[in-house]
Structure formats: C-alpha cells, structure tokens
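> Have a look at the structure that comes next, please.
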Amino acid sequence: MRVALDATYSLGDALSGVGVYSREILEGLAALHPDAAWDWFYRSKRYWPARKLPKPANVTRRFLADSFGNRGADLFHGLNQRLPRHRFRKQVATFHDLFVISGNYSTPEFRARFTAQARDAAAGADLLIAVSAFTAGQIEEHLRVPASRIRVVHHGVLPRAIPRQTRENVVLCVGAIQKRKNQAGLVRAFRAMPADWRLILAGSEGFGAEETRAEIGRSPCAGRIHVTGYLTEAEISAWYGRASIFAFPSFDEGFGMPVLEAMAAGIPVITSNRSSLPEVAGGAAVLVSPGDDHELETALLQLTDPVARQTLIEAGRQHATQFTWSRAVGQTLAVYRELL
C-alpha cells in the first residue's frame, strides 16, 4: 500500500489544531504500518524546510503541485479539507469545521476562497473524515454530501507535562482571541467573580479581537484581566498547571481540543452547549449558552467552590482518556482500507 498525504500544515513551532492533527496522523500512520509506503507532500514554501528535517524510513517527502502526477500512490489524503486538482486513484479529505461558511467569522475574501476549496474537496473525495459528528452534520447541510460518504474520527489529546505547583484563583481560556471564541462574553461574565480572581486569555489576536479588547477596556476588572499573546507550549502548560477554572464559551467549534487538554490537566471546564462542544465535553463539563452572560456568570461562581471543582476534575480526567491519537490513527487507517 502506498498512501500520499498533504503534510503542509504539520510544520512549525506554533501549530494550530489542524497542525497538531496533521502531525499526529502523519507520524502515527508511519509508525503503525511500517510495511506501507507513505508520501508526505508539501505545498510551495513548506517543501524545502521540510527536507532538512528527520523522517521515518518508510516516508518519502515530495513537492505538491497540481500539475504533478500521483507517482503511483493508491490514495491521497487531504488533511485540511483541500485536494489537489490532479486526481489520485482514491481520495480522502478531512474536514475540521465549516464555521467560515456557516457564520460571520472571517473576511468575505477568505470566506469565498475557503468555500470554493471546501466544495471542491467534498466533490472530489471518495470518503470524507469529519472530526466530530457536529462537523459531519455541517458537511451534509452546507456541502450536500450524503452521510454514507462521511466517517467521524475524533481527535486525540496529548498528555502535557504539567508543572507541580499550587493552583491559583485563575480563570483560564486558551485559544486565539477571536469573535467566534467569545472571549468578549467571558470578559463581561468575569465581572461577577470575587476580587481575588484573575482572568487569563492565552492566545494571539485573530479576527474580531478588537471586540474583546473593547470589553476589557470597559470592564471594572480590567486590572485583573491579562491577554498573554503568543505562548510557547511550555508556557501554556504552566498556565494549565496554575489555573483553577477553564472557561471556553465558544460560539462555534469543529472539535475543541482545549476542552480535553484542560480536563487532562485536571482543571474543571465550563464550555458551550452548542456546536461540537457538548459532544467533546460529554457529561464532564458545565455547559452554558454562549450568548447568555448570566449563565456564564453563574457557572463561574459555581466553580469558586472547591468541592464543585473537584467533582468536575475527576469526571474530566476520566473522560479525556477516551480520546487518544492512537485511536484516531487506527480509525483513519480503517478508512483507507475501506477504499482500498
């Protein structure tokens, strides 16, 4: 078996959720099936830096150009809802989310480009992998793909090295500061918290970040709210070790990795009752309507109680163990075998 994959998004020190997914699937497949041949394709500028990096013995790095042939691969897997124009024998595309199509969370130019790529990938793939049942439903609704062509494969959660330290009165939110992730609502709800609590928004600024900045500027708690900007993995892990509450009141997520990361780190989680988040959180988080500041306030105040926090901590740790990258890799390989 020879499988080609788009490895473009797996490079870099500050990987997004798509980047982590790409890296774990690429490396996991090569390790799980050493007798297969794996072609890791890279687009444009990513190919040359990739050639300098170590790789498994059963992997060949290649340049991905739409004019190139398939070089003998049995199957191509687009790891980020994109496929090359030149068709391979069999094709799989992973879809992470469609919020760019379903919501007002990007520029019109980006939305048009994303929509065209998503439609092309949906039409060209023999099977589609969705990272959640919610995303699978969005694919059916917005791209008119029948459920018979979609397979759900959840992400895994990577164990973090959490420093041993005392928990502080910190509410933590990890993720890019964006309109979609609703940090502005969290800033408003934080006003209800006791004066000895702090709010840490850990992430770089993205689309609509000015709304959150404006809310911080208006907040009487502004002195206790900190936007960190970009953090290294070690710095994020340190905050996972210090925080006592994790709040992730996003309006729309295709999966929601930070929810499981927080659970695995032993932090009680508050998250939204919409999109993929109830599916990912299971019964191990407090669910709130992201558009209702009062619900979020109530949930935050509820978790100032150490007893309430401990109940969620235990449930969250157990729940997070169900999501492993080895399982995701095995299910991805099963999709290939179904086609081949």
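Bear in mind these aren't lab numbers, they're just calculated from the coordinates by the rules spelled out. Being a predicted model, the structure only gives us computed values, none of them experimental. Neighbour counts are summed over all protein chains in view; Cβ atoms, including those assigned to glycine, are modelled from backbone coordinates with ideal geometry.
> Gap in Å between the Cα centre of the range 92-135 and the Cα centre of the range 1-37?
20
> Moving on. Straight-line reach from Lys55: which aspartates and glutamates fall under 20 Å, measuring Cα to Cα and dropping same-chain residues less than 8 apart?
Within the straight-line limit of under 20 Å, Lys55 reaches these aspartates and glutamates: Asp6, Asp13, Glu24, Glu27, Asp35, Asp39.
> I want to check the label-to-label distance for Asp292 and Arg213. Put each point 7 Å from Cα in the C-beta direction and report it in nm to one decimal.
For the pair Asp292/Arg213, the computed spacing is 3.2 nm.
> Related question: So what's Rg/Rh here for the chain, counting alpha carbon atoms and using the Kirkwood radius for Rh?
Using only Cα positions, Rg/Rh for the chain is 0.99.
> So if each residue of separation counts as 0.36 nm, and I subtract the Cα-Cα distance between Arg61 and Ala147, what length gain in nm does that give?
27.6 nm
> Given C-alpha coordinates of the range 31-136, what is the ratio Rg to Rh with the Kirkwood estimate of Rh?
For the range 31-136, the value is 1.00.
> Moving to a separate point now. Counting only trypsin sites (Lys or Arg not before Pro) that are in a DSSP loop and have at most 11 other C-beta atoms within 10 Å, tell me the longest site-free stretch of the chain.
165-340
> Give the residues of the range 130-174 whose amide nitrogen is closer than 19 Å to a point set 7 Å from the Cα of Arg327 in the direction of its Cβ.
Label zone hits: 130-136, 151-160.
> Could you work out the percent of alpha carbon pairs in the range 236-279 separated by over 15 Å, rounded to a whole number?
In whole percent, the share of Cα-Cα pairs in the range 236-279 beyond 15 Å is 36.
> Any idea how far apart Gln165 and Glu109 come out in nm if each label point goes 7 Å out from Cα toward Cβ?
Roughly 4.0 nm, to one decimal.
> Go ahead and run the numbers for FRET between Glu140 and His86, Cβ-Cβ distance against an R0 of 35 Å, rounding to 0.05.
Between Glu140 and His86 the formula returns 0.80.
> Now for a separate question. Evaluate 2.2 N^0.38 Å with N set to the residue count of the range 188-283, then give the Cα radius of gyration divided by it.
After normalising by residue count via 2.2 N^0.38 Å, the value is 1.10.
> Between Ala192 and Arg43, what length in nm is gained on full extension when 0.36 nm per residue of separation is reduced by their alpha carbon distance?
In short, 48.8 nm is gained.
> With r as the distance between the Cβ atoms of Lys52 and Ala31 and R0 = 35 Å, compute the FRET efficiency 1/(1 + (r/R0)^6) and round to 0.05. Let's see the in-between values first.
Details: r = 21 Å, r/R0 = 0.61.
Once rounded, the FRET efficiency stands at 0.95.
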